[in-house]
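Colleague: Following this message is one structure expressed as structure tokens.
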Amino acid sequence: MKFGKLETFKNGWVVGNFKNCLFNSKDNDIGVLYPKEGEVSDNHFHKEHTEYNIILDGTAVVNNKTLYKGDIFIYEPFDKSEVKFLSNTILLVIKNPSTKNDKHYEKSN
């Protein structure tokens with residue numbers, strides 16, 4: 001048997017194709033994230049993976065819809081991340097497939 005602490009993993013990411021994880025996977029990245037009240041997403045999008053988000057605790061507004069504990073929101077490729085956290089939140093995030101350098105921003109004119 002082994003023991004550990006979530007805080008020892010970089011930004012809450014515990015499974016994926018990177019160092020310091022519970023186990024390595026090229027299929028999925030899995031993280032437990034703790035966004036704070038008032039935190040706003042940076043309006044990025046992904047080209048290669050789908051991102052599954054489960055609110056374990058807290059409240060967020062996602063694309064103008066208020067979501068609560070137990071709600072799920074899914075970003076498919078090219079969906080823009082538009083999230084504002086209305087309270088301290090615990091978020092389970094699963095990315096499929098595991099991809100590196102797949103965070104993109106719209107170019108300004």
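The values are calculated or read from the model by the stated rules, or taken from the named source; none is laboratory data. Everything numeric here is computed off the predicted structure, so don't read it as measured data. When we count neighbours, we look across all protein chains shown, and the Cβ atoms used for this are built from the backbone with ideal geometry, even at glycine. Accessible surface is based on the protein model in full, side chains and every heavy atom, while ligands, DNA and RNA are left aside. Shrake-Rupley method; radii C 1.70, N 1.55, O 1.52, S 1.80 Å.
Colleague: Going down the list K65/K95; K47/K107; K5/K69; K26/K69; K5/K100; K2/K95, which pairs span over 20 Å between their C-alpha atoms?
Modeller: Details: K65/K95 22 Å; K47/K107 15 Å; K5/K69 23 Å; K26/K69 29 Å; K5/K100 24 Å; K2/K95 26 Å.
Correct reply: K65/K95; K5/K69; K26/K69; K5/K100; K2/K95.
Colleague: Going by average Cβ density within 10 Å per residue, which order do the peptides 39-49, 17-27 take, highest to lowest? Could the numbers behind the result be given before it?
Modeller: Working: 39-49: 13.7, 17-27: 12.1.
In descending order of packing, they fall as 39-49, 17-27.
Colleague: What spacing in nm lies between the two simple spin-label points modelled at N101 and K69, each 7 Å away from Cα in the Cβ direction?
Modeller: So the two model labels end up 4.2 nm from each other.
Colleague: Same structure again: Pop out the carbon and sulfur fraction of the accessible area of the chain as a percent, whole number, probe 1.4 Å.
Modeller: On the way: 3770 of 7510 Å².
Carbon plus sulfur share of accessible area: 50 percent.
Colleague: Long-range amide H contacts for D79: which residues qualify at under 5 Å (H placed 1.01 Å from N, peptide plane, sequence gap of 5 or more or a different chain)?
Modeller: Residues meeting the amide H criterion: H46.
Colleague: Also, quick follow-up: Note down the Stokes-Einstein diffusion coefficient of the chain in µm²/s, whole number, using a Kirkwood radius over alpha carbon pairs, 25 °C, and 0.890 mPa s. Working shown, then result.
Modeller: Numbers: Rh = 14.6 Å.
For the chosen part, D equals 168 µm²/s.
Colleague: Could you state the accessible area per residue of the range 1-80 in Å², with a 1.4 Å probe and every protein chain left in place? Walk me through the numbers on the way to the answer.
Modeller: Details: 5560 Å² over 80 residues.
Value for the range 1-80: 69 Å² per residue.
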